[in-house]
Amino acid sequence: MSKYIEIDDLKRIYKPSKNVSVKALDGVSFSVDEGSFISIVGSSGSGKSTFLNVLGGLDWDYSGKIVIDGKDIRDYNQNYYRRYVVGTIFQQFYLIPSLTVEENILLPLKFQRNIKQVNVKERLEYLLEKTGLTNRRKHYPKELSGGQAQRVAIARALIDSPKIILADEPTGNLDSHTGEAILDLLKSLNKSEGITMILVTHDGKISKETEKTITLVDGKNV
């Protein structure tokens with residue numbers, strides 16, 4: 001494996017008022033091998049969410065350096081970065097209630113031009129089968145269990161075939177049995193798709209299931 005993601009002296013300082021500064025990230029440095037499955041753990045306020053926002057391309061107001069596949073992420077087109085380099089799975093699912101399962105999965109492709117519908121159909125069918133949602137494709141979010149809704153969110157994050165998946169507490173709103181099933185699915189996708197998987201969690205049991213754990217304390221990795 002090669003060092004696919006390199007993070008060096010990453011800092012993010014918030015200034016809620018003129019005389020107050022909050023160091024959400026304070027010199028985070030580590031690397032991630034291509035195709036690996038790692039976890040980021042820490043208590044509330046440790047910097048996990050801020051780190052996820054920065055690496056996910058949602059917050060560019062940071063200092064330090066993040067290099068992915070030999071290229072500084074600031075040199076990527078932001079839309080391209082958030083679509084083809086990283087995909088994010090959120091704890092809250094964020095499904096559109098008025099759209100079916102397959103429509104929610106295809107949502108990131110809605111405004112793309114010049115895409116081959118044959119390729120889209122093949123990708124959709126593959127993800128529906130992989131996530132066990134083939135028989136739920138025409139259902140709406142209100143008709144799904146929590147685990148099924150999370151599977152839709154996972155398929156949506158994967159529809160553009162990103163190189164990296166960021167999973168924000170993906171089992172946080174699920175019971176233990178369903179959470180284990182979602183974690184098994186992420187492991188399977190990590191292997192079958194060759195995706196570099198970064199899972200953010202506060203649960204030590206979940207982090208033990210990943211290949212490597214990065215612990216954040218007060219904005220620093222220890």
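Here is the figure for the range 168-180: residues that are surrounded by 15 or more Cβ atoms within 10 Å (Cβ to Cβ) and part of a helix (DSSP H, G or I) total 3. Scanning the range 154-167 for residues that are part of a loop (DSSP other than H, G, I, E, B) and either out of contact with any helix residue (DSSP H, G or I) (no Cβ under 8 Å at 6 or more places or on another chain) or of a type in the set (Gly, Ala, Ser) (or both) turns up just one, 161. Could you tell me whether the range 154-166 includes any residue that is under 26 Å from residue 58 (Cα atoms) and without any contact (Cβ under 8 Å) to a residue 40 or more places away in the chain? Checking the range 154-166: not a single residue is under 26 Å from residue 58 (Cα atoms) and without any contact (Cβ under 8 Å) to a residue 40 or more places away in the chain. Selection within the range 86-109: residues that are touching a strand residue (DSSP E or B) at 6+ places or on another chain (Cβ under 8 Å) and part of a loop (DSSP other than H, G, I, E, B). The member of this set that is modelled with the highest pLDDT is 90.
Of the candidates 83, 74, the single residue that is in contact (Cβ under 8 Å) with a residue 60 or more places away in the chain, more than 22 Å from residue 208 (Cβ to Cβ) and among the basic types (Lys, Arg) is 83. With the structure loaded, tell me whether residue 214 is under 15 Å from the mean Cα position of the chain (by Cα), under 28 Å from residue 69 (Cβ atoms) and surrounded by 18 or more Cβ atoms within 10 Å (Cβ to Cβ) or whether it fails that test. For residue 214, the condition - under 15 Å from the mean Cα position of the chain (by Cα), under 28 Å from residue 69 (Cβ atoms) and surrounded by 18 or more Cβ atoms within 10 Å (Cβ to Cβ) - is not met.
Among residues of the range 1-46 being among the aromatic types (Phe, Trp, Tyr) and in contact (Cβ under 8 Å) with a residue 40 or more places away in the chain, the one that is surrounded by the most Cβ atoms within 10 Å (Cβ to Cβ) is 37. Can residue 151 be described as touching a residue at least 40 places away in the same chain (Cβ under 8 Å), surrounded by 15 or more Cβ atoms within 10 Å (Cβ to Cβ) and assigned to a helix (DSSP H, G or I)? No, not satisfied. In the set (1) touching a Leu at 6+ places or on another chain (Cβ under 7 Å); (2) at pLDDT 95 or above, the condition left unmet by residue 164 is number (1).
When the range 183-206 is limited to residues that are more than 18 Å from residue 173 (Cβ to Cβ) and among the polar types (S, T, N, Q), the one that is surrounded by the fewest Cβ atoms within 10 Å (Cβ to Cβ) turns out to be 192. For the range 19-75, residues that are part of a strand (DSSP E or B), under 21 Å from residue 203 (Cα atoms) and hydroxyl-bearing (Ser, Thr, Tyr) total 1.
The values are calculated or read from the model by the stated rules, or taken from the named source; none is laboratory data. This structure is a prediction, so every number in the text was calculated from the model and none was measured. Don't worry about glycine lacking a Cβ; one is built from the backbone with ideal geometry, like all the others, and counts go over all protein chains shown.
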